[in-house]
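Just below is one structure, and these are the notes that go with it.
Bear in mind these aren't lab numbers, they're just calculated from the coordinates by the rules spelled out. All of these numbers come straight from a predicted model, not from anything done at the bench. Don't worry about glycine lacking a Cβ; one is built from the backbone with ideal geometry, like all the others, and counts go over all protein chains shown.
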Amino acid sequence: MKKATFGAGCFWGVEAEFCRVSGVVSTAVGYMGGAFENPTYHDVCSGTTGHAEVVEIEYDPSQVSYNELLVLFWSIHDPTTLNRQGPDHGAQYRSVIFFHDADQQAVALASKRTLELSGKHHQPIVTEITPASTFYRAEEYHQQYLEKQAHPRCTI
């Protein structure tokens, strides 16, 4: 098993998308990339911790490749908006790929470059590609949040 960690706006919708992928064994939503230990949702929403809302994915590379996960990542959000996705704004909603090893870094950089050269977006891609740091699991009520709702709504 391997891990992948992505931030693409509100983590509820991002998690729901990755849960549907064959080969994804588990997902957890949480926070990464900040300088504050054990942040809560309230802390992260204050905009003072430096964390992004992220989804940590455990996947079986014999069933789904890291590159395939990146293809989905790029397709579910706008990587050209700085610190904003849909109605959500703030650095916690930034577009970010946290890589776990040198191979993931190389694949992520190549994937970003391919997207840039594709002409799909008319604005620069602002997605950060940075080393993974400590993952802080979000409060339990955030885990698989949309699956728990009678009328789920979320814009990524």
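Ordering 32, 1 from the fewest to the most neighbouring beta carbons within 10 Å gives 1, 32.
Which GluC sites (Glu not before Pro) in the range 84-141 pass both tests, a DSSP loop state and at most 12 other beta-carbon atoms within 10 Å?
When the GluC sites (Glu not before Pro) of the range 84-141 are filtered for loop state and at most 12 Cβ neighbours within 10 Å, 139 remain.
Each peptide among 33-39, 14-20, 53-59 gets the average number of other Cβ atoms lying within 10 Å of its residues, and from highest to lowest they stand as 53-59, 14-20, 33-39. By the rule of a C-alpha distance below 16 Å, with chain neighbours fewer than 8 residues away ignored, the aspartates and glutamates paired with residue 120 are 78.
Roughly what % of DSSP beta bridges within the range 18-134 run antiparallel, to the nearest 5?
Values: 10 of 14 bridges.
Given both bridge residues lie in the range 18-134, the antiparallel proportion sits at roughly 70 percent.
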